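Reading through the structure tokens given below for one structure.
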Amino acid sequence: MKWTDRIRVIERGWLSSNNVMLFDDDGVSVVDTGYVTHGETTLRLIDEARAGRPLRRVINTHIHSDHAGGNALLKSHHDCQIWIPPGDSTLVDRWDEAALSYQRTGQQCPRFAYDALIHPGETLLLGGEDWLVLPAGGHDHAMVMLWCERLGVLMSADALWQKSFGVIFPELAGVPGFEAQRDTLACIAELSPQVVIPGHGAPFTEVEAALQAARSRIDWLMAEPRRNSDNALRVLLAFKLLEARQMGRADVTALLQACFQGNPTLRSHYPDDPEGVAVALMAQLVRSGAAQADGEAIRAPA
């Protein structure tokens, strides 16, 4: 059997994570559900792909807003179960939007409840195959990957993309994350997957090249931790711009103020006033092509 026979990857952009669909005889599972503003598109794409089969469950690799933003909508339409890793389950129970990072990053995620926890070390039967749940610290302390040894397929979430990996967010909160990312990369290397399905971007087979690039990047970030903060702010602003489509200086300043609040790591890295940082950050995004200048505002690329 080809690895694609019972797996379909709906590749999205960067505002929404990929949706990975796994087909069983009695229905369908989907791994990660994208961002809330893309919810109707997510629903349509999944409904088209399932071709009348019932949607049985949603599985989240982690609960960042771009991976769990469609949970509530899919639950309301299909009454499917929602399975999440245990690391942030108590925050979901009380829906602490500040601790879940949604509030301070200006992101949205409609409230949802989970039906089951997927613990590292457990095996899930999905698409007729056994998938081992693996811890994937670094980008997020609670993130997991899913590994099918028989097929040689790894769902890597944001632990490994073809050319990089997700922001090491724990470091922004003063929690070690670089070594956890190194450990996750070592785990992937030991698995030696034939195919990696990342949380963003197309599935790829050039795994060793991706690992080498990721190792070089984590070494570069560790050499000067301010680099991780710089990258995080660029990513958070670019993400917000994809949602808002246009942002002025005051909008960017307000986003930075929310990010800096109660965060001594970011405050130490950016002692200047938030407005000055906002102006510099907007210029960086324009230079990189991630934004277009629109007077004193920036807008998302067409």
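The values are calculated or read from the model by the stated rules, or taken from the named source; none is laboratory data. This structure is a prediction, so every number in the text was calculated from the model and none was measured. Please note: Cβ atoms are built from the backbone with ideal geometry, for glycine as well, and neighbour counts cover all protein chains shown. Only protein heavy atoms, including side chains, enter the accessible area calculation; ligands, DNA and RNA are left aside. Shrake-Rupley method; radii C 1.70, N 1.55, O 1.52, S 1.80 Å.
Can you say whether N263 is within 26 Å of A99 (Cβ to Cβ) and surrounded by fewer than 18 Cβ atoms within 10 Å (Cβ to Cβ), as far as the supplied structure shows? When the stated conditions are applied, N263 passes them.
Residues that are out of contact with any helix residue (DSSP H, G or I) (no Cβ under 9 Å at 6 or more places or on another chain) and over 19 Å from H139 (Cβ atoms) are absent from region 58-67 altogether. The set of residues from region 271-302 being among the charged types (D, E, K, R) and more than 16 Å from D251 (Cα to Cα) comprises D272, R287. The residue list A173, A180 contains one member that is modelled with pLDDT under 95 and either surrounded by fewer than 17 Cβ atoms within 10 Å (Cβ to Cβ) or under 19 Å from A232 (Cα atoms) (or both), which is A173. Pairs meeting the criteria (first residue in region 269-280 and farther than 17 Å from A238 by Cβ, second residue hydroxyl-bearing (S, T, Y) and modelled with pLDDT of 90 or more, beta carbons under 8 Å, at least 6 apart or on different chains) are H269/S229; Y270/S229; P274/T253; E275/T253. Could you tell me whether any residue of region 198-212 is part of a helix (DSSP H, G or I), surrounded by 22 or more Cβ atoms within 10 Å (Cβ to Cβ) and in contact with a strand residue (DSSP E or B) (Cβ under 7 Å, 6 or more places away or on another chain)? Yes: one or more hits.
Restricting the search to region 38-49, which residues are open to solvent by less than 40 Å² (accessible area, probe 1.4 Å) and not aliphatic (A, V, I, L, M)? Passing the criteria: G39, T42.
Which members of region 27-80 meet the condition of being part of a loop (DSSP other than H, G, I, E, B) and in contact with a strand residue (DSSP E or B) (Cβ under 7 Å, 6 or more places away or on another chain)? Answer for region 27-80, where residues must be part of a loop (DSSP other than H, G, I, E, B) and in contact with a strand residue (DSSP E or B) (Cβ under 7 Å, 6 or more places away or on another chain): D32, T33, G34, R53, P54, N60, T61, H62, I63, C80. Within region 248-302, work out how many residues are closer than 19 Å to D230 by Cβ, part of a loop (DSSP other than H, G, I, E, B) and of a type outside the set (S, T, N, Q). Of the residues in region 248-302, 7 are closer than 19 Å to D230 by Cβ, part of a loop (DSSP other than H, G, I, E, B) and of a type outside the set (S, T, N, Q).
Quick grid of which residues meet (1) open to solvent by 20 Å² or more (accessible area, probe 1.4 Å); (2) within 14 Å of G34 (Cβ to Cβ):
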residue	(1), (2)
I63	no, yes
G69	no, yes
S76	yes, no
Q81	yes, no
S89	no, no
R94	yes, no
A98	yes, no
T105	no, no
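Filter region 107-139 for residues that are among the hydrophobic types (A, V, I, L, M, F, W, C) and open to solvent by 40 Å² or more (accessible area, probe 1.4 Å) and give the result. A113, L117, L125, L132, listed by residue number.
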